[in-house]
Amino acid sequence: MSQPVDNSRVVVSTPQYGCVSQIRRAVDGVLGQTHRNLQLVVVNCGDPESPWDELADMEDPRLVRFELFENRGPYFAHQVVLQATEADYFVVQDADDWSEPPRVAMLLRALRQRHAVAAVSLDRQHHVNGRVADSQPLNPRQAPGPDLTHWANHHALFRVDALRAIGGYDAGFQLGYDTLLMSLLAMIGPIAQVDCVLYHRHHRPDSLTHHPTTGFGSERRNQAIAELRQLHDRVYAEYERYLAGGIGRERLMESMVAAVGEASDRERKDAIAAHALRLRAALAQANGRANGQADGRVDGQLGQHSSFRMCPVRVGVQGSLQAPAAASVCTERLRTSWSMEPEALDALLQRIAELRPRRMLELGSGVSTLCLAKYARDHQITFQSLEHDEDYLRRTRDVLRSERLDPYVELTHAPVQRVRCAGLELQGYDFQRVEGEFGFVLMDGPPCSIGREANYFLLRPHLAASHELWLHDGYRLHELNCLELWQTHHRFSAQLRPYGDSGMWVIRSSVDTAPRQAAMPVGVSLLTGGRPELLSRTIAALQARAPWLLAEHFVQVVING
């Protein structure tokens, strides 16, 4: 009798920096696995020598190319993939290493046989001098001890829920964190092993573990190890309480998540969340291509925000829109780190040509102002642009004049002022010089340091009954928080479009555009017990779909047993 086919969903994370000459071998090894239901995410971690040319001829829809804009280490990249994936299992594959074809299948089988949280195999180490050495098998009796030691290979297959239960990789480390991660995993469940070589390690003198500035014995690594030991000691104290019966397994895992979370700063967490949001859209799109749906719509939950939708577009080598041509009036004189990408500008102009609005409004001037002014000139429509920064307004006006486009846009100085919206003290543009209604709005300001939360509330009196609003920087957590706040008070649809490297939310008017009225008081009862993660997901889903339900009514959580 033939064995049933294992159709478990697996995601493989491959961060890449300085491994362009080895990346093809690593990718071939993953895509050649006997286990076919997998997605391979190659993350270019800010390497100026892009790996995409090496993979340009590969058309396997399971390969997802993803670009980070700076090198923040492999654990940062792993956490982005972990937060973005909906797979059940997570595999680590270094960009300069390679795998045997049955690696994933054999690790999956070993993990299930032992009901384990992770599974590892032996690895073969290939040194530059030609020396080859195999790793030693795990001691089956070894368990986490009071001292932090490296005793399990990180090149493993993990249960995604187990990684998330211990806080994942988001602990702010660039070196040595896998030693602690394997120890934490072993505290909550067994680690299975396959006693044969399934993984090959290529030893490079410039790798993180061997380079003089980051390798063993270096000042940076010694500092990281000291901090990791402090983190381990804190968690191990809770582990001893667990072994003695003082706390349960859930409490142990909560202490791990808390320790890992506190070790990472807020900026890092926000950056990971924003990149994960962007990658989630790319993974959904890749799934559509793999299922023969490249030209269809892929709807799905964006995290727990079920009222927001992701729509696919054609994706090129680095995950950006393949637009027919870059916007012709873009000029280097206005290029800044926050300039809108040519791919996004082309998509913007194409959409405006379809909608044919009579009046357009822009929040935040720049390169996009030139493109929209040219469109306004060619189609004889009204266009107004608001800018709060006087220096940048002057620069925009100078370029408009040099291009002879200044008669076709009303460039308005709109200082930022404190306003009260939705019961909150926020900052927003001064709209005193804005009159009438607009059928199309581009929101690309003010900067995140000021915030965009007030924008939609201030815009409401100036939005036509049937309107469309494009919100730039859609992959950032700030814009997602803005959408949640706005949907608490107004009804509209929102779709995340992967245009350029920053993403774009496309917001459309709803038939019912009146502010939401509070319903008669009701009671909400949530039944839970022993599954805090499920309770968190339930609350997050309610906050996304019906936030007023939790904010305005009595809520009771009943713990069953």
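For the structure I just gave you, tell me whether Val11 is in contact with a Phe, Trp or Tyr (Cβ under 7 Å, 6 or more places away or on another chain), farther than 23 Å from Arg124 by Cβ and open to solvent by less than 10 Å² (accessible area, probe 1.4 Å). In short, yes. Every residue in region 80-109 that is part of a strand (DSSP E or B) and under 20 Å from Asn7 (Cα atoms), please. If the condition is that a residue be part of a strand (DSSP E or B) and under 20 Å from Asn7 (Cα atoms), then Tyr89, Phe90, Val91, Val92, Ser99 are the ones that fit.
Could we say that Pro48 is crowded, with 23+ Cβ neighbours inside 10 Å, under 30 Å from Asp265 (Cα atoms) and either under 24 Å from the mean Cα position of the chain (by Cα) or among the aliphatic types (A, V, I, L, M) (or both) here? No; evaluated as a whole, the condition is false for this residue.
Here is a yes/no grid of residues against (1) open to solvent by less than 30 Å² (accessible area, probe 1.4 Å); (2) hydrophobic (A, V, I, L, M, F, W, C); (3) under 29 Å from Arg109 (Cα atoms); (4) without any contact (Cβ under 8 Å) to a residue 12 or more places away in the chain:
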residue	(1), (2), (3), (4)
Arg24	no, no, yes, no
Gly29	yes, no, yes, no
Val80	yes, yes, yes, no
Gln83	no, no, yes, no
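If the condition is being under 25 Å from the mean Cα position of the chain (by Cα) and not charged (D, E, K, R), then region 409-455 contributes Leu442, Met443, Gly445, Pro446, Pro447, Cys448, Ser449, Ile450, Gly451, Ala454, Asn455. List every residue pair whose Cβ atoms sit under 8 Å apart, with the two residues 6 or more apart in sequence or on different chains, where the first one lies in region 106-121 and is within 14 Å of Asp161 (Cβ to Cβ) and the second, anywhere, is modelled with pLDDT of 95 or more and surrounded by fewer than 17 Cβ atoms within 10 Å (Cβ to Cβ). Matching pairs, first to second residue: none at all. Select from region 464-484 the residues that are of a type in the set (A, V, I, L, M, F, W, C) and surrounded by fewer than 20 Cβ atoms within 10 Å (Cβ to Cβ) and list them in ascending order. Once the filter is applied, which keeps residues that are of a type in the set (A, V, I, L, M, F, W, C) and surrounded by fewer than 20 Cβ atoms within 10 Å (Cβ to Cβ), region 464-484 yields Ala464, Ala465, Leu477. In region 412-428, the count of residues that are in contact with a helix residue (DSSP H, G or I) (Cβ under 8 Å, 6 or more places away or on another chain), modelled with pLDDT of 95 or more, over 23 Å from Leu355 (Cα atoms) and not aromatic (Phe, Trp, Tyr) is one or more.
Within region 354-393, restricting attention to residues that are assigned to a strand (DSSP E or B) and acidic (Asp, Glu), the residue that is farthest from Val441 (Cα to Cα) is Glu387.
Does Glu70 count as open to solvent by 30 Å² or more (accessible area, probe 1.4 Å) and without any contact (Cβ under 8 Å) to a residue 40 or more places away in the chain? Against the criterion (open to solvent by 30 Å² or more (accessible area, probe 1.4 Å) and without any contact (Cβ under 8 Å) to a residue 40 or more places away in the chain), Glu70 qualifies. If you check Tyr499, Tyr392, Tyr408, Tyr456 for being touching a Leu at 6+ places or on another chain (Cβ under 6 Å) and either closer than 30 Å to Glu67 by Cα or buried (at least 16 other Cβ atoms within 10 Å of the Cβ) (or both), only one passes: Tyr499.
Once region 232-260 is narrowed to residues that are open to solvent by less than 20 Å² (accessible area, probe 1.4 Å) and closer than 16 Å to Tyr177 by Cα, the residue that is nearest to the chain's Cα centre (by Cα) is Val260.
Yes or no: Gly176 open to solvent by 10 Å² or more (accessible area, probe 1.4 Å) and under 30 Å from the mean Cα position of the chain (by Cα)? For Gly176, the condition - open to solvent by 10 Å² or more (accessible area, probe 1.4 Å) and under 30 Å from the mean Cα position of the chain (by Cα) - is met.
Among the residues examined, Arg109 does not qualify as closer than 25 Å to Arg234 by Cβ and open to solvent by 20 Å² or more (accessible area, probe 1.4 Å).
Do you know which residues across region 467-489 are hydroxyl-bearing (Ser, Thr, Tyr) and closer than 23 Å to Thr369 by Cα? Matches in region 467-489: Tyr475 only. Residue pairs whose Cβ atoms lie under 6 Å apart, separated by 6 or more positions or on different chains, with the first residue in region 166-184 and modelled with pLDDT under 90 and of a type in the set (A, V, I, L, M, F, W, C) and the second open to solvent by 20 Å² or more (accessible area, probe 1.4 Å) and part of a loop (DSSP other than H, G, I, E, B), are Ala171/Ala263. Of all residues in region 435-448, those satisfying the criterion of being closer than 23 Å to Ser509 by Cβ and either at pLDDT 95 or above or open to solvent by 10 Å² or more (accessible area, probe 1.4 Å) (or both) are Glu435, Gly436, Glu437, Phe438, Gly439, Phe440, Val441, Leu442, Met443, Asp444.
Only one entry in Gln427, Gln432, Gln384 is on the phi < 0 side of the Ramachandran plot, surrounded by 19 or more Cβ atoms within 10 Å (Cβ to Cβ) and not hydrophobic (A, V, I, L, M, F, W, C), namely Gln384. Taken over region 122-135, the residue count meeting the criterion of being assigned to a loop (DSSP other than H, G, I, E, B), touching a residue at least 12 places away in the same chain (Cβ under 8 Å) and open to solvent by 40 Å² or more (accessible area, probe 1.4 Å) is 2.
The values are calculated or read from the model by the stated rules, or taken from the named source; none is laboratory data. Keep in mind it's a predicted model, so treat the numbers as computed, not measured. Using ideal geometry, Cβ is built from the backbone for each residue, glycine included, and neighbour counts are taken over all protein chains shown. These accessible areas exclude ligands, DNA and RNA; they are computed on the full protein's heavy atoms, side chains included. Shrake-Rupley method; radii C 1.70, N 1.55, O 1.52, S 1.80 Å.
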